[in-house]
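Engineer: Provided herewith is a single structure, encoded as structure tokens, for subsequent inquiry.
A short reminder: the numbers here are calculations on the coordinates, not readings from a lab. Only a predicted model underlies this, so the values are computations on that prediction, with no experimental measurement involved. Backbone-built Cβ (ideal geometry, glycine too); neighbour counts: all protein chains shown.
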């Protein structure tokens with residue numbers, strides 16, 4: 001029996017969701033790395049570091065799914081899309097509010 005007969009391919013909506021999630025999380029990697037360069041408050045820095053780790057795990061997981069399914073992995077956002085040395089744009093209060101809103105999926 002062919003092993004592929006038991007394999008169900010991703011639907012268009014599943015693929016779309018994974019693609020969108022990959023782009024959003026790759027953007028989060030850039031944003032959160034920028035934030036970490038500028039955050040002063042250690043508690044906010046700790047939460048931001050945790051958020052960065054979650055986004056990194058999510059990007060790896062989705063990349064694995066695409067690879068397993070033999071689907072082209074999106075380029076997404078890269079370190080070339082952010083200047084970590086740019087001047088600070090926001091306050092620590094903004095960073096924590098950003099994290100709160102992003103964690104809700106807003």
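Engineer: Within 10 Å of each residue's Cβ, count the other Cβ atoms and sort 89, 29 from fewest upward.
Structural biologist: Exposure proxy ranking, most exposed first: 89, 29.
Engineer: Once you've got the GNM for the chain with C-alpha springs shorter than 10 Å, pick whichever of 21, 87, 46 has the biggest mean-square fluctuation.
Structural biologist: Greatest mean-square fluctuation among the candidates belongs to 87.
Engineer: Here's another thing I want to ask about it. Obtain the nm distance between the two label points defined at residue 43 and residue 57 by a simple spin-label model: each point lies 7 Å from its Cα along the Cα-to-C-beta direction.
Structural biologist: 2.3
Engineer: For a bin width of 10 Å, list the pair-distance distribution of the stretch 39-106 built from all Cα-Cα distances, rounded to whole %.
Structural biologist: All Cα pairs considered, the percentages come to 16, 39, 32, 12, 1.
Engineer: Also: Normalised by the residues of the chain, what does the relative contact order come to in percent, with Cα pairs under 8 Å and at least six apart?
Structural biologist: Over the chain, the number comes to 36 percent.
Engineer: Taking the Cα centre of each part, how many Å lie between the stretch 26-48 and the stretch 85-99?
Structural biologist: That distance is 8 Å.
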